[in-house]
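The values are calculated or read from the model by the stated rules, or taken from the named source; none is laboratory data. The model shown is predicted, which means the values in this text are computed figures rather than measured ones. Note that each Cβ is placed from the backbone with ideal geometry, even for glycine, and that neighbours are counted across all protein chains shown.
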Number of protein chains: 2
Amino acid sequence: MPTIRDVSRLANVSVATVSRVINANQPVSADTKARVVAAMAELGYQPNSNAKALATNRSDILGMVLGDLGGPFFGDLMAQAEEETRRLKRHLLVTAGGHSRDIELEAIDFLLRRQVDALMLHVDSLTDADLYELSTKTDTPIVLINRYVPDLHAHCIHVNNEVGGELITRHLIEQGHEAIACITGPLYKGDSRGRLQGYRRALEQAGLPYVEQRVVESDYMEAGGSEAIERLLSRKTPFTAVVCGNDLMAFGAIRSLRLHGFSVPQDIDVTGYDDIVLSSYVEPSLTTIHVPIGAMGVQAARLAVQLATGQRPTAQQAFEPQLVVRGSTRSRSSDQSSQPMHSKFVQQQ
Amino acid sequence: MPTIRDVSRLANVSVATVSRVINANQPVSADTKARVVAAMAELGYQPNSNAKALATNRSDILGMVLGDLGGPFFGDLMAQAEEETRRLKRHLLVTAGGHSRDIELEAIDFLLRRQVDALMLHVDSLTDADLYELSTKTDTPIVLINRYVPDLHAHCIHVNNEVGGELITRHLIEQGHEAIACITGPLYKGDSRGRLQGYRRALEQAGLPYVEQRVVESDYMEAGGSEAIERLLSRKTPFTAVVCGNDLMAFGAIRSLRLHGFSVPQDIDVTGYDDIVLSSYVEPSLTTIHVPIGAMGVQAARLAVQLATGQRPTAQQAFEPQLVVRGSTRSRSSDQSSQPMHSKFVQQQ
DNA sequence: CTGAAAGCGCTTACAG
DNA sequence: CTGAAAGCGCTTACAG
């Protein structure tokens, strides 16, 4: 690998001059520049980024840690963030957090050691306290994607989960439902709590009671959704619709309901949350809440660069969830709504 | 950010000694070590990876460039490769190639400048010649994922496309089809040609003629699959099944066939290739060829590290495609097979 | 077992 | 416009 020294010798200039033509940040006479450019081409010279980063204390790299590289959000988020990063003349270094606190911390350390200009985190195992502590320990700017931590308000790209939970629940109420079950994600997570809160608020606004027997906590996984339905059915408190904390759990819920002889949406409506790609393809297609994760990725990159360069942040930080109505919910009159449910409940016993 | 100097001062030792306890590659007395460890902890010291890479000329990073971060393969490939990389005590740096030759080259340059220990490429815009030239220009080891370049035989993790094309075509023949259309990917790509070759071989083995009118080249996109069906139908050469070069084109083909009044698989069978996640969820679920992309990612990481460290390569390089039969194909007797097709063809005119 | 010092390949004041 | 030199934070022979 040729170095800047080799280029300088071949072009008969100092390494300082070569550096100047590489970075085009200081005046260089036309013919010296030509000689240097020719020498670089002849040698196939590539500047060593590590040396540059060491000398300048910046890397032009934005580091991103993702909970799960295989996750449904992942492609969209990463593709959009990458594109924006490229537009901003930076590069994206992505690492997996493996849904484990230790791995997430290790991934962050790795990026920090690499002198990334900023950190973009889409993590779910670190607590709010972990994140806050991290922010005090490093002066590398941090951006949180799809997460809201009050103490790090200026660093969050977030979407209002309460509104999302409210939107989807209200949609069911408008379809004529009064007995709506709810399968939440793990309640130690803020977004699970937010969605549940939205569910409660929609019920309240409609004058419907909040019935604990209809609410069950699960794990955001497909199997968890199936299992949650088992628990709900065993409680013998009838319901005609199920609000699920994410799409995956909705898939599991539908499967489990079918096993018990219920049709979706003929007998019971089911909704998801996230709007992953699959959700528009499954049968029935899923009514859900669209989370603009790609757009959030773009703004995360913008905010990261703005924070890293000391510019005034102009990136959009708050996003609104959007209701997407599909085949898993359908309009029905109120008297139809609970009838088939009750009869099947009885016939199961 | 504290440096090794700060640690050495606090622990009252030389920086060389600190370096030795960090890397644990040379003997250090127990109590010096304890002092150093304590000092590092007290300062929250993190070694600067760029400085280390500069000094050692290795980065412990495996660079990966992916044609398309949003692509269907992506999650699985990356998640598995990342996990294996971590197991091998390295890190993964991923960059998007954006399906453009310039961006792919730029991405590779970026990684090379970063002194990655090896390059793992899943690219589709660079030609075999580009890749070969690249391999001669750098001594950073290169691994090609899901691609076979004869001149770089020892660097490829590949799957036999010809066998895949043959498997899926033979499956259709066994279902009783004799008039099988074929929608290929871009024929400048080796895998498109391989799959087409497999299609031809299966026909040949069954004593069926290869009819040019039934073969059309497309672009591996869903819309391309739709458009390809239009072209096939306009040629007025009947067919009862369509072999598509990938799953996405199969989705487009099915949509287009439906628009023309054909049911899949009642009137026409359709097959895909790749077995992306969606394919088992769509209605009808897609008969396709499974490409073990996750396993290939694991072996790519292994091969990359083996090449980088001069170990004898033991990674598995050749993979076999697998037929996955689902709902988009069905057994039929030969006389049923072309009847409805012909009648609908006529009724369309 | 430990330290002093050179070197990795850049950048950037400082002079001229 | 250009060069000499110090410095970025590490590692690693070389001595002892």
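A few notes on this one:
- Hey, residue A:125 of a type outside the set (Val, Ile, Thr), surrounded by fewer than 24 Cβ atoms within 10 Å (Cβ to Cβ) and away from chain B (no Cβ under 12 Å) or not: yes
- Considering residues of the range B:96-118 that are among the charged types (D, E, K, R) and assigned to a helix (DSSP H, G or I) only, the residue surrounded by the most Cβ atoms within 10 Å (Cβ to Cβ): B:104
- Subset of the range A:13-27 (residues that are surrounded by fewer than 18 Cβ atoms within 10 Å (Cβ to Cβ) and more than 9 Å from DNA strand C (Cβ to nearest atom)): A:24, A:27
- Pair list, Cβ under 9 Å, 6 or more apart: the range B:1-12 residue within 11 Å of DNA strand C (Cβ to nearest atom), other residue assigned to a loop (DSSP other than H, G, I, E, B): B:4/B:45; B:4/B:47; B:4/B:48; B:8/B:14
- Among (1) touching a residue at least 12 places away in the same chain (Cβ under 8 Å); (2) out of contact with any Asp or Glu (no Cβ under 8 Å at 6 or more places or on another chain); (3) within 16 Å of DNA strand D (Cβ to nearest atom); (4) more than 9 Å from chain A (Cβ to nearest Cβ), the one test that residue B:43 misses: (2)
- Of residues in the range B:179-211 being aliphatic (A, V, I, L, M) and in a helix (DSSP H, G or I), the one nearest to residue B:248 (Cα to Cα): B:196
- No other residue among B:41, B:79 is in a helix (DSSP H, G or I) and either within 16 Å of DNA strand C (Cβ to nearest atom) or modelled with pLDDT of 90 or more (or both) apart from B:41.
- The set of residues from the range A:1-40 being near DNA strand D (Cβ under 7 Å from one of its atoms) and within 47 Å of the chain's Cα centre (by Cα) comprises A:15, A:16, A:17, A:20, A:26, A:27, A:28, A:33.
- Scanning the range A:212-232 for residues that are closer than 17 Å to residue A:196 by Cβ and part of a loop (DSSP other than H, G, I, E, B) gives A:218, A:219, A:220.
- The number of residues in the range B:279-290 that are surrounded by 24 or more Cβ atoms within 10 Å (Cβ to Cβ) and modelled with pLDDT under 95 comes to 1.
- Of residues in the range A:233-252 being of a type in the set (Gly, Ala, Ser) and not in a strand (DSSP E or B), the one nearest to the chain's Cα centre (by Cα): A:245
- Qualifying positions in the range B:204-216 - under 12 Å from residue B:181 (Cβ atoms) and out of contact with any helix residue (DSSP H, G or I) (no Cβ under 8 Å at 6 or more places or on another chain): B:211, B:212, B:213
- Verdict on residue A:51 being within 12 Å of DNA strand D (Cβ to nearest atom), within 14 Å of chain B (Cβ to nearest Cβ) and at pLDDT 90 or above: yes
- Candidate set: the range A:64-89, residues that are closer than 30 Å to residue A:16 by Cα and not hydroxyl-bearing (Ser, Thr, Tyr); chosen: the one farthest from the other protein chains (Cβ to nearest Cβ): A:88
- Of the residues in the range B:199-210, not one is touching a residue at least 12 places away in the same chain (Cβ under 8 Å), under 20 Å from residue B:265 (Cα atoms) and not hydroxyl-bearing (Ser, Thr, Tyr).
- Only a single item in (1) within 7 Å of chain B (Cβ to nearest Cβ); (2) within 16 Å of DNA strand C (Cβ to nearest atom); (3) of a type outside the set (Ser, Thr, Tyr) is not met by residue A:60, and it is number (1).
- On the stretch given as the range A:17-63, residues that are in contact with a Leu (Cβ under 8 Å, 6 or more places away or on another chain) and of a type outside the set (Gly, Ala, Ser) total 8.
- Scan the range A:45-57 for residues that are near DNA strand C (Cβ under 7 Å from one of its atoms) and either in a strand (DSSP E or B) or of a type in the set (Gly, Ala, Ser) (or both) and the total you get is 2.
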